Amino acid sequence: MLHSLDDPIVPLDCVPIDECKANPNVITALTNRGGHVCYFMGADGKKRWFTYAATDYLNSTLKALNNSKVN
């Protein structure tokens, strides 16, 4: 579950955060910025913010996994 704290349409109190955190099959991520439904970014509108958040998460997770295998 990826949600932006600055979402102007769905405020945080409408998101089932506790249920998401309690579910072992759900990864919960909150970002400070991002808007609603992956607002488009840039002058040309061809980028979406969620790809950056997802990429950061996946890179961090892969790095942690690789470091745990080395140690």
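The values are calculated or read from the model by the stated rules, or taken from the named source; none is laboratory data. Just so it is clear, the structure is predicted and the values come from calculations on it, not from any experiment. Please note: Cβ atoms are built from the backbone with ideal geometry, for glycine as well, and neighbour counts cover all protein chains shown. We work out accessible area using only protein heavy atoms, side chains counted, and drop any ligands, DNA or RNA first. Shrake-Rupley method; radii C 1.70, N 1.55, O 1.52, S 1.80 Å.
Taking the range 36-45 as the range and being open to solvent by less than 100 Å² (accessible area, probe 1.4 Å) and either in contact (Cβ under 8 Å) with a residue 40 or more places away in the chain or touching a strand residue (DSSP E or B) at 6+ places or on another chain (Cβ under 8 Å) (or both) as the test, the residues that pass are HIS36, CYS38, MET41. Residues being touching a helix residue (DSSP H, G or I) at 6+ places or on another chain (Cβ under 9 Å) and not hydroxyl-bearing (Ser, Thr, Tyr) are entirely absent from the range 43-57. For the range 17-35, the tally of residues that are open to solvent by 80 Å² or more (accessible area, probe 1.4 Å) and assigned to a loop (DSSP other than H, G, I, E, B) stands at 5. Scanning the range 15-30 for residues that are without any contact (Cβ under 8 Å) to a residue 24 or more places away in the chain and within 15 Å of TYR57 (Cβ to Cβ) yields a single hit, CYS20.
Quick check on this structure: which one of ARG48, ARG33 is in contact with an Asp or Glu (Cβ under 6 Å, 6 or more places away or on another chain) and free of Cβ contacts under 8 Å to residues at least 60 places away in the same chain? None of the other options fit; the residue is ARG33.
Would the range 47-70 turn up any residue that is modelled with pLDDT under 90, part of a loop (DSSP other than H, G, I, E, B) and surrounded by fewer than 12 Cβ atoms within 10 Å (Cβ to Cβ)? Scanning the range 47-70, I find no residue that is modelled with pLDDT under 90, part of a loop (DSSP other than H, G, I, E, B) and surrounded by fewer than 12 Cβ atoms within 10 Å (Cβ to Cβ), so the answer is no. Among residues of the range 1-16 being among the hydrophobic types (A, V, I, L, M, F, W, C) and over 13 Å from the mean Cα position of the chain (by Cα), the one that is most open to solvent (accessible area, probe 1.4 Å) is ILE9.
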